[in-house]
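The values are calculated or read from the model by the stated rules, or taken from the named source; none is laboratory data. Since this is a predicted model, take the numbers as computed values, not measurements. Note that we place each Cβ from the backbone using ideal geometry, even for glycine, and neighbour counts take in every protein chain shown.
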Ligand code: SF4
C-alpha cells in the first residue's frame, strides 16, 4: 500500500497515517508513505512507484478546509503540520486533489479515502466554505471506497481481502458506490432531495447520527443521481488490549528526516512527550466531530501499557523530564464508561452527560488518580501535565471528584487550568449540549478553594464560542456580563463557531432547525459574527476607549486613580504616581528572577512613566501617563526613555526569542515599550497587563505589521500563534 497524507510525516501515535502504516506493517504488509505531495507535478506522487494493493489517501489530521480557512473565511497562513509552519503544502479539498493527482499520474490501483475529511464527508453534507450541500466526497473524488472512523481494522481487512483476491465490499466501516440497494440497509433521503429541501437533509442527518454506534448501527444507503452511496455498519471498537498494541507500536516519535530539512514541525513539539490514554468521547457537544469520528464509547488503555510508554519516553536521552499531556479527547473520561452501553450500545433517547450526567455512568476518577500517581513515580519524570480538556461536570458528579481536582491542582496544572464552558446562556448551552452556568460557578468555587487549600496561585481560563446556532447578540452580552460579574475576568479565548462537516451544530446552522425540527436562529453574516465576538473580546482600541471612558465617567472603581481636574477627554488622563507595592502580583509571579522584567527599568523611573495598577473586573490595568512619549514617533523618543526601552527590548528579544524584524521593525531600531504596546493592539497610554495571567494568549490581529498577536507572560512578552 502507499499512504498519501496532507500532513508532513511525523512518526508518532497522534498521526493517523503513521498509526495505519505501522498497523499494516505489524500485520505483515509493506507500506510506503508520501506526505504532502506537490499536486502540479508527478515527481512526488510517483516517487515510490505503484502500490501492489491500493492507495490510501487522507487530508491529514484535520479537514483541509478547516486547516486552510478560518471561521470568517480568511486563509490561514500558518500550519502546524507543515515543516517551517507556512501553510503552503496542503491543497483545498485535499482528498479530491490527491485522488485526481493519482488518477492523472499513477492510475491503475484502487484508491481508498480515509482520515477525518473523508470520514465526515462520506454522505451528502453541508460545506460551509461553499455554503452548499455537497454530495459524498467519494463521488466528487471518484475514489473507490472510504474507510471511516478509526480504521485500523477496516484497512487491515481491506488489505487482506485484496491480497487474497476476495470481495472486500462487505468490510465493516467502509463506504463504496453501487447501483444496487443492499437488503436490510436504511435508505436516506437522496443527495438531490437534501440539496433542494433542508428538512430532508435534517432527516438524513438524524438517521446518520443515530447509526454510528458499533453495536446498534445499521447500514445506510443514499441515492446520488442513480448510484447509491453505501455505508456499511461501523467497524467494531478495538479492545483495550488491541488499543495497547496500537499505542505501543514501534514509533520513532520524530519527524521524518526527509521533511525536517524544511524546518520544524510545530505539531510534533506539542505531542512529542504526550501520552494518549483512551479513545472516544461521550460528551456529545453539538459542535464537535470527535464522537462522529472516534465514536461515543470510551475505550481506555491499560495502566501497564501507559506506564511502559512513559518508561520508554523517560529512557530517551533527549527527554527533558516533562510529560506535556496525559489524556484523550476528554482527559477525565479515562476508565469511565457505562456498562450498559458496552453491552447494548449507546442510548438513542438520552445523553450520557448533557445537562447532568446519567446515573448509569458511575463516574469515579479513582482509576485516573492512581494512574497519574504511577506516572509521577516513573524515574526520570519530573513533571506531568494534564492539558487535554476536562469535563468539570463529571468532577462535580463524582463523590471523589475533590480528590481528583486536588491531584490536578497539586501536580498536573501549571499557572492556569483551561476549561471549556463554551457559553453561559442557557438556550445556547442547550443547543451546544453543554451543562448550565450553575455548574461552572460551582466548579470555579471548588477550584478556587482547593487551590487556596493547596497553597497554589492558580486560576481558570475559559474557552467560549461566539455565533453558535441559537446565539443572539443578547446572549453574548449576557456572557460578557457574566464574565465580569461572576468570573471576574476578561475573556480572551473566544472563537467564532466554525461549521465543520457532519456535526449537529453544522446541521442546525445549515437547516435553521434543531434535532427536534424546531426553528433555531443562526448568525450567518461574517460581520455580525465578529460583532458577537466583540461583545466579549474587544479589539485593543475598542477596549482602550471603553476603559478610558469608564474611568473618566467614574464607572470603574479604580483604586488610586484620579482624573486630571482639567481633563477634557479620555486622552487627557493624568495619574498620581505611587511607589510600586511589594504586593505587586507580577512580582510574586516571577520570584527569583535574575534580571528585571521588561517593564522593570521603566517602572522604577517615575520621571519617564508614571503609572498605577488598578484592578478592574478581575484584571489588572496598568495606566501610564507620558504624553510626550505618546505623541512622538518611536525614532523621536527622548534618549533617556529610548535607552530604557532598548533595555526592555533586549530582554524581550533575549528571553523570548521575539523577532522584531518579523514584526516589521527596522533592524537595530529602538524596540521600546511603545512598540510593544502597539503590538498588543492597545494604544500607548493605557496598557492592559497580562502579567497577572501568565501564558494567556492574546488574539489581537495586527496584519499591518505582519504579526498575529503577542501575550505577556511572567517572563515578558512572547509570541503566540
Ligand atoms: S445509560 Fe446513560 S450513560 Fe449509559 S449509554 Fe445510556 S445515556 Fe449513556
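General observations
- Count of residues meeting criterion [assigned to a loop (DSSP other than H, G, I, E, B) and in contact with a helix residue (DSSP H, G or I) (Cβ under 6 Å, 6 or more places away or on another chain)] in the range 23-35: 3
- Of all the listed residues (45, 20), the sole one being assigned by TED's automatic domain parsing to the domain that holds residue 130, within 28 Å of residue 127 (Cβ to Cβ) and assigned to a helix (DSSP H, G or I) is 20.
- Residue 210 surrounded by fewer than 21 Cβ atoms within 10 Å (Cβ to Cβ), in contact with a helix residue (DSSP H, G or I) (Cβ under 9 Å, 6 or more places away or on another chain) and within 30 Å of residue 518 (Cβ to Cβ): no
- Filter result (near the ligand (Cβ under 8 Å from one of its atoms), touching a helix residue (DSSP H, G or I) at 6+ places or on another chain (Cβ under 7 Å) and without any contact (Cβ under 8 Å) to a residue 40 or more places away in the chain) within the range 357-368: 360
- Residue in the range 257-267 that is more than 16 Å from the ligand (Cβ to nearest atom), crowded, with 19+ Cβ neighbours inside 10 Å and closer than 19 Å to residue 387 by Cα present: yes
- Single match in 371, 396, 408 (criterion: free of Cβ contacts under 8 Å to residues at least 24 places away in the same chain and either buried (at least 16 other Cβ atoms within 10 Å of the Cβ) or in a loop (DSSP other than H, G, I, E, B) (or both)): 408
- Residue within the range 322-337 that is in a loop (DSSP other than H, G, I, E, B), within 12 Å of the ligand (Cβ to nearest atom) and within 25 Å of residue 402 (Cβ to Cβ) present: yes
- Whenever a residue of the range 326-350 is over 16 Å from residue 369 (Cβ atoms), its partners that are more than 15 Å from the ligand (Cβ to nearest atom) and in a helix (DSSP H, G or I), lying with C-beta atoms within less than 8 angstrom and at least six residues away or across chains, give the pairs 329/290; 329/294.
- Qualifying positions in the range 339-356 - more than 6 Å from the ligand (Cβ to nearest atom) and not in a loop (DSSP other than H, G, I, E, B): 339, 342, 343, 344
- The set of residues in the range 283-309 being closer than 21 Å to residue 152 by Cβ, within 16 Å of the ligand (Cβ to nearest atom) and touching a helix residue (DSSP H, G or I) at 6+ places or on another chain (Cβ under 7 Å) consists of 297, 298, 299, 300.
- The conditions of being free of Cβ contacts under 8 Å to residues at least 40 places away in the same chain and not assigned by TED's automatic domain parsing to the domain that holds residue 419 are not met by residue 317.
- Highlighted here are the helices (runs of 4 or more DSSP H) found entirely within the range 184-301 that include at least 3 residues which are over 26 Å from residue 36 (Cβ atoms) and in contact with a strand residue (DSSP E or B) (Cβ under 8 Å, 6 or more places away or on another chain): 191-196, 198-209.
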